[in-house]
Structure formats: structure tokens, C-alpha cells
Amino acid sequence: MITQDSRQAAPTRADARALDAMDELAPLRERFALPDGVRYFDGNSLGALPATVPAMMSQVIAGEWGTSLIRSWLDGGWWDAPLRVGELIAPILGCAEGQVVVGDSVSVQLFNLIIAAVRLNPGRARILVDADVFPSDRYMASSAARLLNVDLEAVPMAELPAELAERGDDVAVALASAVDFRSGELWDVSEVTRRCHDAGALVLWDLCHAAGAIPVALDAHRVDFAVGCTYKYLAGGPGAPAFAYVAKRHQDAIDLPLTGWHGHERPFDFAADYVPARGISRARVSTPHILSMRALEESLGVFRDVPIDLVRAKSLALGTFFFACLDALPPRLGVGCITPRDEQHRGSHVAVTHPRSDDVMPGLLERGVICDQRPPNLLRFGFNALHLSFEDVFVGVRSLGETIVELT
């Protein structure tokens, strides 16, 4: 494995191929239908297509929907899918069964759990939110705060522990991102959760840029709530439904604002009054997007027999090799980076800076290198360890340098 201390000469393609030859996860690339000639660094925005999904979806459409029709709610397992798929995600999140449900979007899940957390922690009139959280998270927190008539305060993650220590006695819940969506900085889920609990606050984690790439050990860290999307590292497909984690100790006490019939104790009684189901089923809302749900269920098969710790180890190795290649670029090209190099503080994507990132992006695409661009000057390179190779990294950084040279 390439480490920061061992970076001396510029890495070569032969170095990359040698690392690929030693990579025990390299065969997993065959589980994805990646186009020839493409180096895909955007799994942190949309995961690559798992190879078995197209055939399975044809069967779902033609068989479960086309032939079995409405009978598939039972015969095809549609009704239980939110819970069944949740159980497939649970080991990836480091939690026991019965605590994850899938359905709706991240924004809907966040809104539901923010309000539930405030109601679960009465007498506290403030919601803290990571100042750099994804904007939609902040919008939802703001909406929840207005409805509940409580204060919302945005605090940089680095300042959150001090804020909780000094003025945490009125905080009902803190909403934090495990990985910063811009910079790729990783925060200590265990430590932040402990600081929240020490102040009497609950914590709700956004795991969108962590789930499927980084071990988060929700049960071990005593996390209260978490949400995350499934179309990034979990490769569930565009618009795939989000997951919600509710620690078992909170499930029968939470008062959720969105009380749809799928979360009813007896949904097929069609009763006029709402009676919440017990357990994680309470967090169901309404009819799930079955086609997306079934695609996600099939996609999660790429994680079979793959420990998340091993995924994390390769992701870090890919990132370190990326830094080594990046450091070999001539300084005159003006390439920078805002992602921490320390493995304890780095997620699974690296944010490169360049003043002409808008112009660099098309040049990379012409070379078959797919990453993404974020204003004003960021290029994000994501590392999905299940399919990305060290040679991909070498070619990706070389293409970055060649593209910038053409612009100058």
C-alpha cells in the first residue's frame, strides 16, 4: 500500500498495476456494468450500475408488475420491501436488525426525524445544524424549526463540541454530516455523538457520503437517528429511496409528524384514527417506490461477503495513491486540494481545486474521466472501492494534468 511517508518518486502506471495485482477487491469490478474506456470517479454522486440489475428489473416489470399485477404486493414481497431492504443495509451501517427502514427521500426522512427528535426531548428550544451540511438538510431543519417554534442555529462542525459544552442545555437535537459533501472531511461520529449526549441532546446523522464507503458503527456509538441516500456508494440507482435508522431504544416513544397508513399498527383496518406501529415499522409513511426499491434490493448484492472495513481500507489506499499522483503534477498547473490527507479525517472523495474548474471538466469528460464539479472551483473525485482501480486513479490524475496544460 502507498503511504504518505513513502511518496518519493512520481508514481507510474506500473506502480498502479502492481497495486491492482495485490488488490483482493479487484474481482468485484465484474459486479458492475461499467462502460469501456471510462474511469468513473462519481460514485459519490451516482453509483455505477450493478451488472445484475437490468435483467432483474426486466423480470420485475414483466413478471411482478405485468403478470402478477396487484398480487405482487404479497406474492412478490412488495409490502415488506422497506423492512427487508433495510435489513440488507443494517450490517453496512453497523447496526442490529429491526432499526433501518427504506422509503421516501432523504429530505422527507430528515424532516420526519428532526421533528420526532425535538418532540422526544421536550423543554429544549434549539436545533443545532452543521453549518456546512448539504443545503437541503438545512432547509428541512429550518422548516421543522418554524413548525415547532424553536430556534435553529448553524454551527461549524469544528465548533460543535464547544457549543454543546458551553450552551448545550437547551439543544434538543444536533443534525450533523459524517462527511462534508464539498471537502470530503470526515468527522468522528463516536466523539460528536458522545458530546451531544453529554449535553442532553440527541443526534441525527446524515450519512449520504458515508454509507457504503465508511464504517459508522451506529449501535456501538449509541447514535440516536441517521438518514442516508442509497444512490451513491450503495449503487441503488438514480432517485433510489433513502433509509432511516432509529435506535431501538427510541422506536416506541417517537412521535413522528408524517403518519401515513403504512406506519399504522393495523394498516388494512383502514381505521379513521392513527395508531402507530411498534418498532421500526412506525417510521414507514406511505406507498414506497417499488421499482426503485427492487432495483436497490438487487444492487445491494454487490456488498455480499464484503466487510465494510475492507472497503474502507481500499478507499483510503486509493485516496493516498491519488494524493501521490496529484503531488507529481507541476505546481505551475495551479492544482490545489481542500480534503484532509489524514486518514482519520478523510472520507471517500477528494476535492481538488482549480481556478478554471468549469473549463477543466469538459476536457476530463473527453478523456473518459468522469468526476463532478462544484462551484466555485472544486472538482470532486470519488473512490468507490468496489470497482475503482489504482490504474483508474493514475489515468484520472494524468488526464487532469493534460487537460489543464491544454488550457494554458
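Observations on the structure shown:
- Within the stretch 243-324: Cβ-based charge dipole about Cα centre, in debye rounded to nearest 20 (Lys, Arg +1; Asp, Glu -1): 240
- On full extension, the segment bounded by ASP327 and SER190 gains 46.1 nm, given 0.36 nm per residue less the C-alpha separation.
- Gained length - LYS248 relative to ASP80, 0.36 nm times residue gap less alpha-carbon distance: 58.6 nm
- With 0.36 nm allotted per residue and the present C-alpha distance subtracted, the MET22-LEU291 stretch has 93.0 nm of extension available.
- Amide N of the stretch 220-240 lying under 20 Å from the label point, which is placed 7 angstrom from the Cα of LEU147 along Cα→Cβ: 225-229
- In the stretch 201-284, the DSSP beta bridges split such that about 60 percent are antiparallel, to the nearest 5.
- DSSP assigns beta bridges within the chain; of those with both partners inside it, close to 50 percent run antiparallel.
- Size descriptors for the stretch 167-296: radius of gyration and Dmax over Cα atoms are 16.4, 49 Å.
- Taken about its Cα centre, the stretch 1-157 carries a charge dipole of roughly 320 debye when the Cβ of each Lys and Arg holds +1 and the Cβ of each Asp and Glu holds -1.
- Between the alpha-carbon centres of the stretch 113-129 and the stretch 330-390 there is a gap of 37 Å.
- In the assembled protein chains, GLU406 presents an accessible area of approximately 130 Å² (probe radius 1.4 Å).
- For TYR139, the solvent-accessible surface computed with a 1.4 Å probe is close to 150 Å², ligands and nucleic acids excluded.
- The chain: relative contact order in percent, alpha carbon pairs under 8 Å with at least 6 residues between: 24
- Within the accessible area of the stretch 197-332 (1.4 Å probe), percent carbon and sulfur: 53
- Label-point separation in nm, TRP261 to THR67, each point 7 Å along Cα→Cβ: 2.9
- Ordering LEU74, ALA131, VAL150 by Cα displacement along the dipole of the chain toward the positive end leaves LEU74 in first place; charges were set at the Cβ atoms of Lys, Arg (+1) and Asp, Glu (-1).
- Ligands, DNA and RNA are left out, and with a 1.4 angstrom probe the accessible area of the stretch 124-198 is 44 Å² per residue.
- Sorted largest first by accessible area at a 1.4 angstrom probe radius, with every protein chain in place, the residues LEU291, LEU74, LEU93 fall in the order LEU74, LEU291, LEU93.
- Sorting ASP137, ASP36, ASP20 on solvent-accessible area from highest to lowest, probe radius 1.4 Å, gives ASP36, ASP20, ASP137.
- At the residue level, SER177 shows approximately 10 square angstrom of accessible surface with a 1.4 angstrom probe and all protein chains present.
- Computed packing ranks the peptides 155-161, 225-231, 238-244 as 225-231, 238-244, 155-161, most packed first, by mean other Cβ atoms within 10 Å.
- Each of LEU69, LEU152, LEU110 has its accessible area taken with a 1.4 Å probe; listed largest first, they run LEU69, LEU152, LEU110.
- Of [x] -0.45, -0.97, -1.11, -1.24; [y] -0.44, -1.03, -1.21, -1.39; [z] -0.40, -0.93, -1.10, -1.28, the label for log10 I(q)/I(0) by the Debye sum over Cα atoms at q = 0.08, 0.12, 0.13, 0.14 Å⁻¹ derived from the coordinates: [x]
- Radius 10 Å from Cβ of LEU204, net charge of other residues (Lys, Arg +1; Asp, Glu -1): -3
The values are calculated or read from the model by the stated rules, or taken from the named source; none is laboratory data. Note that this is a predicted model, so its numbers are computed, not measured. In this analysis, Cβ positions are derived from the backbone assuming ideal geometry, glycine residues included, and neighbour counts consider all displayed protein chains. Please note that ligands, DNA and RNA were not included when accessible areas were found on the heavy atoms of the full protein model with its side chains. Shrake-Rupley method; radii C 1.70, N 1.55, O 1.52, S 1.80 Å.
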